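Asks: Let me give you the structure first, and then I'll get to my questions.
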Amino acid sequence: MSAVVAGVGRQLSELGEASEIVFMRPLYASLVGHAVRKLTGHYLEGETAERKAFGMLAGRPTETGIEVGAVFPLISNLRHDQRHRDGMDDVVDAFAIPSETPNEQRGWVADPRELMAIERACDASGWVLFGNYHTHRVPWPDDPVRDRCTELDRMLAGGSGQWTLILSVVDLHRPTLRAYFEGDNRRRAPIRVVPELPPGPRLMT
C-alpha cells in the first residue's frame, strides 16, 4: 500500500470527525437551486414530480474536513414503486412524526442506476461519496426552522458512514444548510461557503 493510499484510508476512516464541510459557492448555489426548482414545480423530463429535493455529495477529505467536489441531484424517486412502497411505509409509520405531508408521500428511495452513475463519476475524479442532502419545508411547533434531523432521518442514516445535510426551506428566501454525521444532531459540522461574499453596502441614516 502506497503512502498516498494509506493517507487517504486514514482520512476516509475519519470522515465523521470532519470539523467543517467546505462548498465552493457555485456548488452551494447548485444544491440550493435544485431545492428551489423542485419546490416551485419546475421539473426535468423524467424527474419525479414532488416538492422535495434529494441528492448525493462527493468530495475530498482534507486535514480538517471535507471539500465538496460535486453535487448530484437525484432525479427518480422509487418510493412509489410497488417493490419499495410497503417497506418504506413500514419505516415511515414507525418513526415519522405526523406532519402536513402524508406518510405515504414521505421518504426517498434512490434509483440504483443513478447511484451507479454517481459512483463511476466519483471513481473517475478521485472523489469520495461522503454524504447526501434533502429538504425540510414544513415548520413544526418544536422545530420551526426545520434545520435538524428527525428521528426518521437518524434511523435511515444510522451506520451509513455518511454526512446528512438538511436544507431548510421553510423560508424559501432564506434557506439554511446544516450537516450531521449519520443523522445524529449531536455530531454537527459547520458548513463554509467560499469565496466569502464581501459585506453588503450599509444604509446611510
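We did not get these values from a lab; they are worked out from the coordinates using the rules stated. Nothing here was measured: the structure is a model prediction, and the numbers come from that model. Don't worry about glycine lacking a Cβ; one is built from the backbone with ideal geometry, like all the others, and counts go over all protein chains shown.
Asks: Obtain the nm distance between the two label points defined at Leu115 and Ala70 by a simple spin-label model: each point lies 7 Å from its Cα along the Cα-to-C-beta direction.
Replies: Spacing of the two 7 Å Cα→Cβ label points: 1.7 nm.
Asks: What residues have an amide H closer than 5 Å to that of Ala53, excluding those fewer than 5 places away on the same chain, when H is modeled at 1.01 Å from N in the peptide plane?
Replies: Close amide H contacts, sequence-distant or interchain: Thr135.
Asks: Cα centroid distance between region 150-180 and region 31-49, in Å?
Replies: Answer, in whole Å: 18.
Asks: Can you pull the one-decimal nm distance between simple spin-label points at Ser125 and Val193, each 7 Å off the Cα toward Cβ?
Replies: Spacing of the two 7 Å Cα→Cβ label points: 1.9 nm.
Asks: Still on this structure, I have one more. Output ³J(HN,Hα) for region 148-157: one whole-Hz value per residue in order, computed from phi by the Karplus curve 6.51 cos²θ - 1.76 cosθ + 1.60 with θ = phi - 60°, and x for Gly and Pro.
Replies: 10, 6, 8, 4, 5, 4, 5, 5, 6, 8
Asks: Still on this structure, please answer the following. Per-residue counts of other Cβ atoms within 10 Å, averaged by peptide: what ranking do you get for 173-183, 50-60, highest first? List each step's numbers first, then the result.
Replies: On the way: 173-183: 17.7, 50-60: 20.9.
Ranking, from highest mean packing down: 50-60, 173-183.
Asks: Using amide H atoms built in the peptide plane, which far-off residues or other-chain residues are under 5 Å from Asn77 H to H?
Replies: Close amide H contacts, sequence-distant or interchain: Thr48.
Asks: 5 Å is the cut-off here: which amide hydrogens, built 1.01 Å from N in the peptide plane, fall below it relative to Met24, excluding neighbours closer than 5 in sequence?
Replies: Here the answer is Val68, Val194, since their amide H atoms fall under 5 Å of that of Met24.
Asks: Residue-wise, which Karplus ³J(HN,Hα) couplings in Hz belong to region 71-80, taking 6.51 cos²θ - 1.76 cosθ + 1.60, θ = phi - 60°, and x for glycine or proline?
Replies: 10, 10, x, 8, 9, 9, 9, 8, 3, 9
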